[in-house]
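The values are calculated or read from the model by the stated rules, or taken from the named source; none is laboratory data. Nothing here was measured: the structure is a model prediction, and the numbers come from that model. Reconstructed Cβ throughout: ideal geometry from the backbone, glycine too, with neighbour counts over all protein chains shown. Accessible surface areas use protein heavy atoms only, side chains included; no ligands, DNA or RNA. Shrake-Rupley method; radii C 1.70, N 1.55, O 1.52, S 1.80 Å.
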Amino acid sequence: MKALDKDSEVLATGKLIAKTIAKGAAGIFGIDVNMSEDDLQKMYSSVDLSKKLLVFEDVERSNIEIAKLLGYVNNLVERDGVKVLLVANENEILNKAPEKFDFQFTKLFSTDSKNDNMEDNKNDIPEVVQKYLKIKEKTISDTICFESDYHDAVKNIVDTFDNERLKEIIGRDEEGIEELVSMVRGQCHKNFRTFIFATQKTVDIYEKLDGSFDKEFLKCIYFGSISFAARIKAGEFPAWQGTECLSTILGSNWNPLFRFCYDYVGWQKLDITKIRDAEEAYHKMKLYDKHADRSDTDLQKLYSYHERTEEEVRAVLGIIEGRLKDPEDIGFYSYGKLAAYLVMIKHVIGFDYTQCRQYMVENLKGKGEEIDSDILFLPMYDFEGDEKAEFDNFVKELSDSMNVKCIQDSFSYEPDAIAGLYDYAIREKNKISGNHAFLSKFNIEQIVEMLFHASSKQISDFRGTLFAVYRHAGKAEFIEADMMAMRKLLTLVQGRVDSKNYELDKIQVKQLHWLCGNIKTFIAQIS
């Protein structure tokens, strides 16, 4: 170790700590510590720690200011010939400082060029960190960064609990272990205590469950509890935020926290009668979750068909077909994308998706009021040849089954209908933006004819409709078909105005000129 400047405060603190240790040792061996300062100093001097290794563990938990602690360590090394090993979470030490900061310390503490790194990055380092690093540089001869094998650690923790339900949903499943590792690294901030706490609570709940439960539901109990445990802070317990049965706020979008888990973690109370209701609510949430396919391993395998063998693709198609028999298995918002991939894969490997199609049509029957069809049937762009027409027919059959009525289906293309279109665009602008398509859903020729029979106010309202939809749109936020529809509308309106083939007054013509200018702006924005 290197010598530390003999700051009087640090030395005084070092002596005080040393004497405290001496007094503690004296107490253990039955020595009377009510002696003079000189006698106490003699006793302290008689303690020979030379050639000994002292290990200070969990340094970050000490209430002693780190600079003073390092001063004491230096005193032990320089005066007593002791070797010292400090075990600590360095980021936790630094986060105790008055100033909070987020800094990458690994580049400073690398054994290759520690000093050069520090000097190069000096301007980026907060003053309180610089002070610590300066003291550390003079005191600590070597820093060894250690990180455990998260995969083995998580696997061992799961095995330690030896619970049958835990084995059922995780067991030796490498994919499940990796999901847990990701949660430990991310949501738990690498804190294994949080992970163990959540696992213990989950096992407690599992042991109290009677009867059989869906594997995904059991997995959600576990993963939702981990997410919640990571949100609990010392001395604080979050208030419930969610429905009667579950919360995506306290859990996560993919694995919500169930109310019965919340009550058990907080107050060790478990109402068994609420668990079946929670399971039913969970299944319903999955059915209407717009992103449910992200956690559906079968669908994800299908979406990556181009990276798999034909045998693998046919196998997963068989599984999906079987699952579609159950109308409450695959989430409804997956149907649009599933339909597109069934069409594409048919043209690649010749799979007959007729049975899948029949199940999907039947499962969506009458659900037009509960499902946002604009999100369900987002356009796909990877079609080749006749695939697009086939997909459109598939979508029409699904839409007809749902009894879907879209505004473009009922739009009359009469000037009086513009006001209703304007109100719709104002009311549903977020929904339209999320669907990434609007103008392309209408017949552009009929819109042009409508505009040349509209009043100035009606043309202004149509411009307002486009403003509501496209004013804040950025590059690629709307599909290319919308940009093409805009260009077509611009060409037809501008051409007819230039040809003077109309019976309009000058104010109506001025409104059309403004409309053309607006369209040019929107095209530039989204191109």
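Does Ala292 satisfy the criteria of being under 29 Å from Thr354 (Cβ atoms) and under 27 Å from the mean Cα position of the chain (by Cα)? When the stated conditions are applied, Ala292 passes them. The lone criterion from (1) open to solvent by 50 Å² or more (accessible area, probe 1.4 Å); (2) under 31 Å from the mean Cα position of the chain (by Cα); (3) of a type in the set (Gly, Ala, Ser) left unmet by Ala468 is number (1). Among the candidates Thr194, Thr143, the residue that is outside any loop (DSSP other than H, G, I, E, B), among the hydroxyl-bearing types (Ser, Thr, Tyr) and under 25 Å from Val59 (Cα atoms) is uniquely Thr194. Just wondering, is there one or more residues in segment 265-284 that are more than 27 Å from Leu317 (Cβ to Cβ) and under 20 Å from the mean Cα position of the chain (by Cα)? No, segment 265-284 contains no residue that is more than 27 Å from Leu317 (Cβ to Cβ) and under 20 Å from the mean Cα position of the chain (by Cα). Considering segment 54-64, and only residues there that are outside any loop (DSSP other than H, G, I, E, B) and within 40 Å of the chain's Cα centre (by Cα), the residue that is nearest to Ile93 (Cα to Cα) turns out to be Glu60. In segment 201-221, of all residues being within 25 Å of the chain's Cα centre (by Cα) and surrounded by 14 or more Cβ atoms within 10 Å (Cβ to Cβ), the one that is nearest to Asp296 (Cα to Cα) corresponds to Glu216. Sub-8 Å Cβ pairs linking a first residue in segment 143-169 that is more than 15 Å from Arg185 (Cβ to Cβ) to a second residue that is at pLDDT 90 or above and part of a loop (DSSP other than H, G, I, E, B), at least 6 apart or interchain, are Arg165/Leu209, ordered by first then second residue. Would it be correct to say that Tyr335 is within 18 Å of Lys388 (Cβ to Cβ), modelled with pLDDT under 95 and surrounded by 14 or more Cβ atoms within 10 Å (Cβ to Cβ)? So Tyr335 fits the description; yes. Looking across Ala481, Ala485, Ala473, one residue alone is buried (at least 19 other Cβ atoms within 10 Å of the Cβ), at negative phi and either at pLDDT below 95 or among the charged types (D, E, K, R) (or both). It is Ala485. In segment 292-321, the residues that are more than 13 Å from Phe351 (Cα to Cα) form Cβ pairs under 7 Å with partners that are of a type in the set (Ser, Thr, Tyr), at six or more places apart or across chains, as follows: Ala292/Tyr333; Ala292/Ser334; Asp293/Ser334; Asp296/Ser334; Leu299/Ser334; Tyr303/Tyr341. The set of residues in segment 280-302 that are open to solvent by 20 Å² or more (accessible area, probe 1.4 Å) and either farther than 20 Å from Tyr341 by Cα or not charged (D, E, K, R) (or both) comprises Glu280, Ala281, His283, Lys284, Met285, Lys286, Tyr288, His291, Ser295, Thr297, Gln300. Among the residues of segment 244-298, those that are modelled with pLDDT of 85 or more and of a type in the set (D, E, K, R) comprise Glu244, Arg259, Asp263, Lys269, Asp271, Lys274, Arg276, Asp277, Glu279, Glu280, Asp296, Asp298.
Mind listing whichever residues of segment 338-365 are within 34 Å of the chain's Cα centre (by Cα), of a type in the set (D, E, K, R) and in a loop (DSSP other than H, G, I, E, B)? Scanning segment 338-365 gives a single hit, Lys365.
For residues that are assigned to a helix (DSSP H, G or I) and out of contact with any Lys or Arg (no Cβ under 9 Å at 6 or more places or on another chain), scanning just segment 303-314, find the one that is nearest to Tyr353 (Cα to Cα). The selected residue is Arg314. Among the residues here, Lys325 qualifies as open to solvent by 70 Å² or more (accessible area, probe 1.4 Å), assigned to a loop (DSSP other than H, G, I, E, B) and out of contact with any strand residue (DSSP E or B) (no Cβ under 8 Å at 6 or more places or on another chain). Suppose we filter segment 219-245 for residues that are part of a helix (DSSP H, G or I) and either free of Cβ contacts under 8 Å to residues at least 24 places away in the same chain or among the aliphatic types (A, V, I, L, M) (or both); how many remain? The number of residues fulfilling the criteria is 5. Quick one: in segment 65-107, which of the residues that are in a loop (DSSP other than H, G, I, E, B), under 43 Å from the mean Cα position of the chain (by Cα) and surrounded by 13 or more Cβ atoms within 10 Å (Cβ to Cβ) is modelled with the highest pLDDT? Among them, the one singled out is Ala88. Determine whether Glu280 is under 26 Å from Gly242 (Cα atoms) and either among the charged types (D, E, K, R) or in a helix (DSSP H, G or I) (or both). For Glu280, the condition - under 26 Å from Gly242 (Cα atoms) and either among the charged types (D, E, K, R) or in a helix (DSSP H, G or I) (or both) - is met.
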